[in-house]
Amino acid sequence: MPVQPIDLQTLFAHMNQVGKIQADLKEGVILQQAEKGNELVKETQHKNKSVNETGSAEEEEAKVKEKTPEEGSNQKQGEKNEPEEKKPKKKNFYTDPALGKNIDITS
């Protein structure tokens with residue numbers, strides 16, 4: 001179907017309206033993002049300033065274990081109770097004492 005001259009006249013008459021609508025749509029997206037950002041900032045500020053409810057007490061009680069005297073006597077006083085897997089292993093490596101001390105300036 002070919003474009004008739006009357007169709008072009010109608011389209012050109014509405015070009016400024018279409019441009020305004022497209023600009024409003026683009027600005028609307030930006031304004032929505034800005035509004036969501038402001039809401040998020042307000043929520044985080046409210047959380048930071050308010051007293052928050054803690055988790056259930058049962059979870060905290062499960063984390064705390066009291067040592068029995070038998071467990072404490074097997075370890076040294078300053079040593080922490082960590083499994084051997086978590087302790088960092090020392091790597092054995094050797095260095096050359098003369099390495100890095102001599103500078104060759106004859107080139």
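Every number here is computed from the coordinates shown, using simple stated rules; none is lab data. These figures come from a predicted structure and were not determined experimentally. FYI the Cβ positions are ideal-geometry reconstructions off the backbone, even for glycines, and counts take in every protein chain you see.
Numerical summary
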| read-out | value |
| --- | --- |
| Approximate spin-label separation ILE21-GLN45, in nm, with each point projected 7 Å along Cα-to-Cβ | 3.8 |
| Exposure proxy order (Cβ contacts within 10 Å, fewest to most) of THR44, THR106 | THR106, THR44 |
| For LYS91, LYS42, order by how many other beta-carbon atoms lie within 10 Å, fewest first | LYS91, LYS42 |
